[in-house]
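Reading through the structure tokens given below for one structure.
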Amino acid sequence: MRSVAGAAVLTLAVAVTTLLYLMFSTDDDKAVHREALFGSLFFETEEKSDGALGVTMGVANPTALIVMFLVFAAVLTMVQFIYRGLKQRREQLIEEMSRN
């Protein structure tokens with residue numbers, strides 16, 4: 001359960017960071033459409049009729065985000081299993097040393 005929550009937080013952090021990067025790496029005076037994370041996220045500016053600049057951003061295709069979430073969940077689950085195994089082995093070694 002912790003790995004699922006961790007994967008959700010990591011995926012959200014990557015998505016927000018990517019959107020912030022797209023937002024702050026565009027030119028201020030031009031209309032632009034940029035995509036990131038394999039077309040998953042987009043940031044778009046368009047010039048309105050009164051001269052103002054309209055901004056739109058969001059998720060265009062969630063497939064890459066879902067795959068990223070699944071990869072993060074798998075990696076975090078493997079890390080948890082490895083940690084538990086190493087912790088168990090450590091306790092076993094400590095117990096063996098205390099018997100001698």
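The values are calculated or read from the model by the stated rules, or taken from the named source; none is laboratory data. The structure presented is a predicted model; accordingly, all values stated were derived computationally and were not measured. Cβ placement follows ideal geometry from the backbone for every residue including glycine, while neighbour counts extend to all protein chains displayed. Each accessible area value is taken on the protein alone, full model and side chains, heavy atoms only, with ligands, DNA and RNA left out. Shrake-Rupley method; radii C 1.70, N 1.55, O 1.52, S 1.80 Å.
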**OP:** Out of the residues in region 27-51 that are crowded, with 17+ Cβ neighbours inside 10 Å and of a type in the set (Ser, Thr, Tyr), state the one that is modelled with the highest pLDDT.
**Re:** SER40
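Any idea how many residues of region 57-85 are β-branched (Val, Ile, Thr) and open to solvent by less than 60 Å² (accessible area, probe 1.4 Å)?
At the first step, the residues of region 57-85 found to be β-branched (Val, Ile, Thr) are 59, 63, 66-67, 71, 75, 77, 79, 82.
Right, trim to open to solvent by less than 60 Å² (accessible area, probe 1.4 Å) and you get 77.
So the count comes out to 1.
Out of everything in region 1-25 that is more than 30 Å from PHE81 (Cβ to Cβ) and buried (at least 17 other Cβ atoms within 10 Å of the Cβ), what residue ends up being nearest to the chain's Cα centre (by Cα)? Break it down into steps so the answer makes sense when it comes.
First, the residues of region 1-25 that are more than 30 Å from PHE81 (Cβ to Cβ): 19-25.
If we keep only those that are buried (at least 17 other Cβ atoms within 10 Å of the Cβ) too, we end up with 19, 22.
Details: LEU19: 11, LEU22: 15 Å.
Among those that are more than 30 Å from PHE81 (Cβ to Cβ) and buried (at least 17 other Cβ atoms within 10 Å of the Cβ), it is LEU19.
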